[in-house]
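Notes to accompany the following structure.
The values are calculated or read from the model by the stated rules, or taken from the named source; none is laboratory data. Model, not experiment: these values are computed from the prediction. Here the Cβ positions follow ideal geometry from the backbone for every residue, glycine too, while neighbour counts run over all protein chains shown. To get the accessible areas, we keep the full protein, side chains included, count just its heavy atoms, and leave off ligands, DNA and RNA. Shrake-Rupley method; radii C 1.70, N 1.55, O 1.52, S 1.80 Å.
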Amino acid sequence: MLDLANSSVLKSKQAKATTASNIIKNVVLVDFIELYSPAEIELLQQAQQLIDNGKARVQSLKEIRKHEEKQRERVEAVLHEKAYNTALSSLEELSLSELYFMSACFSYSSSSIVELIQDYDHQHYLASVQRWLDIGSEEEIHFEQSPEEVREEWQCGIAKAAVEMISWPCLKYHRDYQESKVLYVEPKGLGDDFPQSTFATVIENNQSNLTEDCLTVIQMLAAYENNAANVRKILSQLGQ
């Protein structure tokens, strides 16, 4: 029986077998039958039967492969969700300025995450933070993202990017091509140092790439958070 890697490959093989069987049945044994002796026709019919048997074997193997793939996908989905939740929970205590800094660093290692902060975002966020610092009327800030909304967005983006970085080989199966038989190696799983080691690596590799515009936004965020902390302190003293 064919020992192939996945159901898509088997589907291709099955299609080729169907084509070969149809050529014998509908072309050779119809349009060219007078060219063959009875013994040769019998051989062609046997060949067609063997091909059809092969199609059935491929179908059986395809169902096995499809089941195996679904099992692997379920395992990978659980691992990815666990990694995402682990990374997300580790960001709860970070300030807005720290989240902005980390998201910008990740953008140099992963450009596929929408929530990551790119260079063209800095002017937009600078204007947003300036509005947070100079709070005007409710109408003026209604259409802007609130600090709570951007916090959630940045946390989600960083968590997704961290998971993406370790997805293979930690969270996905991979094919061992050194073996003649189809063999998938199980994911390594989450290390005890995730996500801290991933964060540290990304920061070390990319913090030197941060632009002046990016650093300005980080400084403005720190100023906003410092002001907010002072306001909370004053309010708490007034309540005593």
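Each stretch of four or more DSSP H residues adds -39500 (n - 2.57); spread over every residue of the chain, this sum gives -22500 deg cm²/dmol at 222 nm. Could you tally the net charge around residue 122, taking each other residue with its Cβ under 12 Å from the Cβ of residue 122, Lys/Arg +1 and Asp/Glu -1? Local charge sum for residue 122: -4.
With the Cα gyration tensor of region 98-240 giving a ≥ b ≥ c as the square roots of its eigenvalues, does the rule (a/c under 1.5 for rounded; else a/b larger than b/c for prolate; else oblate) give rounded, prolate or oblate? Here region 98-240 falls in the prolate category. Measure nothing but the geometry: give the 0 to 90° angle between the long axis through the Cα atoms of 96-107 and the longest principal axis through the Cα atoms of the chain, rounded to 10°. Tilt relative to the chain: about 30 degrees. Across the chain, Cα-Cα pairs more than 32 Å apart make up 51 percent of the total. Let a ≥ b ≥ c be the square roots of the eigenvalues of the Cα gyration tensor of region 71-111; is it rounded (a/c under 1.5), or, if not, prolate (a/b larger than b/c) or oblate? In terms of gyration-tensor shape, oblate.
Each other residue within a Cβ distance under 11 Å of residue 62 adds +1 if Lys or Arg and -1 if Asp or Glu, for a net charge of +3.
Classify region 59-137: rounded, prolate or oblate, from the alpha-carbon gyration tensor (a ≥ b ≥ c, eigenvalue square roots; a/c under 1.5 rounded; otherwise prolate if a/b is larger than b/c)? Prolate.
Using 1/(1 + (r/R0)^6) with R0 = 35 angstrom and r between the beta carbons of residue 215 and residue 237, what's the FRET efficiency to the nearest 0.05? Taking R0 as 35 Å, the efficiency between residue 215 and residue 237 is 0.60. Taking only the C-alpha atoms of region 165-240, Rg followed by Dmax gives 23.0, 75 Å. Which net charge results for the neighbourhood of residue 212, defined as the other residues with beta-carbon distances under 15 angstrom from its beta-carbon, given Lys and Arg at +1 and Asp and Glu at -1? Around residue 212, the surrounding residues sum to -3. Stokes-Einstein diffusion coefficient for region 14-122 at 20 °C in a medium of 1.002 mPa s, Rh from the Kirkwood formula over Cα pairs: what value in µm²/s? My calculation gives 108 µm²/s for D.
Remark: C-alpha extents of region 10-77 on the principal axes read 59, 17, 9 Å, sorted largest to smallest. For the listed peptides 149-159, 33-43, 224-234, 11-21, a ranking on the average number of other beta carbons within 10 Å per residue, highest first, reads 149-159, 11-21, 224-234, 33-43.
Solvent-accessible surface of the chain, taken per residue with a 1.4 Å probe and all protein chains present: 62 Å². Against the chain, whose longest principal axis comes from its Cα atoms, helix 147-166 is set at around 40 degrees.
The apolar share of the surface of the chain, taken as the fraction of accessible area on carbon and sulfur atoms (1.4 Å probe, ligands and nucleic acids excluded), comes to 53 percent.
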